[in-house]
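The values are calculated or read from the model by the stated rules, or taken from the named source; none is laboratory data. Remember, it's a predicted structure, so these values are computed and weren't measured experimentally. So basically every Cβ, Gly included, is an ideal-geometry build from the backbone, and we count neighbours across all protein chains shown.
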Amino acid sequence: GENVEQHPSTLSVQEGDSAVIKCTYSDSASNYFPWYKQELGKGPQLIIDIRSNVGEKKDQRIAVTLNKTAKHFSLHITETQPEDSAVYFCAPVEYGNKLVFGAGTILRVKS
Amino acid sequence: GEEVAQTPKHLVRGEGQKAKLYCAPIKGHSYVFWYQQVLKNEFKFLISFQNENVFDETGMPKERFSAKCLPNSPCSLEIQATKLEDSAVYFCASSGGVAGPFEQFFGPGTRLTVL
C-alpha cells in the first residue's frame with residue numbers, strides 16, 4: 001500500500017512569512033494529491049488539490065506543486081496569517097479512492 | 001444537505017458496550033468513506049461505499065465493526081463490544097458530486113470515548 005511521509009512535523013513562522021510543507025509518497029499509480037487543514041475539534045477541510053497531469057496549482061495565498069518523478073508534492077502558504085494556524089495533512093489517494101494521510105504538520109503563525 | 005452531517009458529536013461507552021455512529025453525506029454524493037483518527041493525529045481508513053454497496057472494506061476490523069449505507073437513511077458505523085483502543089474520533093466523508101469522485105468532504109466527526 002501507499003507509504004506517506006510528511007515534513008516537518010511542526011513549523012513556526014512569523015506572520016507575513018511563507019510556510020512550506022512537503023509530502024513524499026510511494027505509490028507511482030497515485031493520481032490525486034489533496035491537502036487538508038484541520039482546526040481543533042473540527043473535521044479536515046480540503047484547501048487545495050492537484051491532479052497528476054499538472055505540476056502546479058495556485059489559489060490566492062495557497063499553492064501546491066507536484067513532482068511525479070520524485071514522488072513528492074508540497075504545500076506553499078504565502079503571507080501567513082494567525083488564522084492559518086492549524087494542523088495540515090497531505091493525503092494522496094490510493095486505489096479505491098481512499099485517502100492515505102500523512103502524520104500532519106502543526107503550523108503556528110506568530111503575530 | 002450541503003455539508004456532511006455526523007451524529008452524535010460525542011459518545012461515551014463502557015468497555016463491552018455497543019456504539020453506533022451516523023453520517024448523512026452531501027446530497028448528490030455517491031461515495032461515503034469512514035476514517036478513524038486516534039491520538040497524535042493518525043488517520044486510518046476503515047470502509048467506503050458507492051451508494052449502498054460496500055466499495056472497499058480493507059480497513060475494517062471485521063470481528064466487531066460493521067457499516068451500512070441504505071437508501072433514504074443515514075449511513076451508520078457500528079462497533080459491537082467496544083474496547084479501550086476504539087476510543088478515537090470517527091470521521092465520515094463523501095464525494096462523487098460534480099467535483100468528481102476524488103474530492104472528499106469531511107463531517108465534524110464523532111468522538112467516541114470507551115471507559
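Things worth noting here:
- Qualifying residue in the range B:16-33 (condition: touching a Cys at 6+ places or on another chain (Cβ under 6 Å), closer than 22 Å to residue A:37 by Cα and part of a strand (DSSP E or B)): yes
- Test: residue B:19 is more than 11 Å from chain A (Cβ to nearest Cβ) and touching a helix residue (DSSP H, G or I) at 6+ places or on another chain (Cβ under 8 Å): yes
Residues are listed down the side, and each one gets a yes or a no for (1) aliphatic (A, V, I, L, M); (2) buried (at least 16 other Cβ atoms within 10 Å of the Cβ):
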site	(1), (2)
B:6	no, yes
B:20	no, no
B:23	no, yes
B:31	no, yes
B:51	no, no
B:64	no, no
B:70	yes, no
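- Odd one out for residue A:111 among (1) touching a residue at least 24 places away in the same chain (Cβ under 8 Å); (2) more than 11 Å from chain B (Cβ to nearest Cβ); (3) loosely packed, with under 14 Cβ neighbours inside 10 Å; (4) within 14 Å of residue A:25 (Cβ to Cβ): (4)
- Only strands (runs of 3 or more DSSP E) whose full extent lies in the range A:28-103 are considered here, and the ones with at least 2 residues that are among the β-branched types (Val, Ile, Thr) and within 13 Å of the chain's Cα centre (by Cα) are A:45-51, A:62-67.
- Taken together, the residues in the range B:58-105 that are closer than 30 Å to residue A:31 by Cα, at pLDDT 95 or above and charged (D, E, K, R) amount to 1.
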